[in-house]
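The values are calculated or read from the model by the stated rules, or taken from the named source; none is laboratory data. A quick note: this is a predicted structure, and the numbers were derived from the prediction, not measured. We place every Cβ from the backbone using ideal geometry, glycine too, and count neighbours over all the protein chains shown. The protein model used for the area step is the full one, side chains on, heavy atoms only, and it has no ligands, DNA or RNA in it. Shrake-Rupley method; radii C 1.70, N 1.55, O 1.52, S 1.80 Å.
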Amino acid sequence: MVNEARGARWEHFPMSCTRFLAAALSGELRSDVLSSSFPLAVHEFRRLGPA
């Protein structure tokens with residue numbers, strides 16, 4: 001389930017969280033709730049916390 005951050009709308013995606021993230025980041029998944037600029041063309045992954 002994905003919630004519209006500033007509203008009450010929800011979208012249901014019948015898949016695991018891992019599959020949802022992979023589909024969202026690859027552009028395979030389309031959503032009316034997520035930002036139209038998501039995902040960005042270039043992904044950046046940064047380590048959080050001490051190195």
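Applying a threshold of 8 Å to beta carbon distances and a minimum spacing of six or more residues, or different chains, the list of pairs starting in the range 1-21 at a residue that is within 12 Å of Leu34 (Cα to Cα) and ending at one that is assigned to a strand (DSSP E or B) and open to solvent by 70 Å² or more (accessible area, probe 1.4 Å) reads Met1/Trp10; Val2/Trp10; Asn3/Trp10; Glu4/Trp10. Within the range 2-16, the set of residues being open to solvent by 100 Å² or more (accessible area, probe 1.4 Å) and either assigned to a strand (DSSP E or B) or on the phi > 0 side of the Ramachandran plot (or both) comprises Trp10 only.
How many residues are open to solvent by 60 Å² or more (accessible area, probe 1.4 Å) and assigned to a loop (DSSP other than H, G, I, E, B) when one looks only at the range 26-48? Show your work before the answer.
Restricting attention to the range 26-48, the residues satisfying the condition of being open to solvent by 60 Å² or more (accessible area, probe 1.4 Å) are 26, 28, 30, 32, 35-38, 40-48.
Checking which are assigned to a loop (DSSP other than H, G, I, E, B) leaves us with 28, 30, 32, 35-38, 40-48.
The total comes to 16.
Somewhere in the range 17-25, is a residue surrounded by 10 or more Cβ atoms within 10 Å (Cβ to Cβ) and either part of a loop (DSSP other than H, G, I, E, B) or in contact with a helix residue (DSSP H, G or I) (Cβ under 7 Å, 6 or more places away or on another chain) (or both)? For the range 17-25, residues surrounded by 10 or more Cβ atoms within 10 Å (Cβ to Cβ) and either part of a loop (DSSP other than H, G, I, E, B) or in contact with a helix residue (DSSP H, G or I) (Cβ under 7 Å, 6 or more places away or on another chain) (or both): absent.
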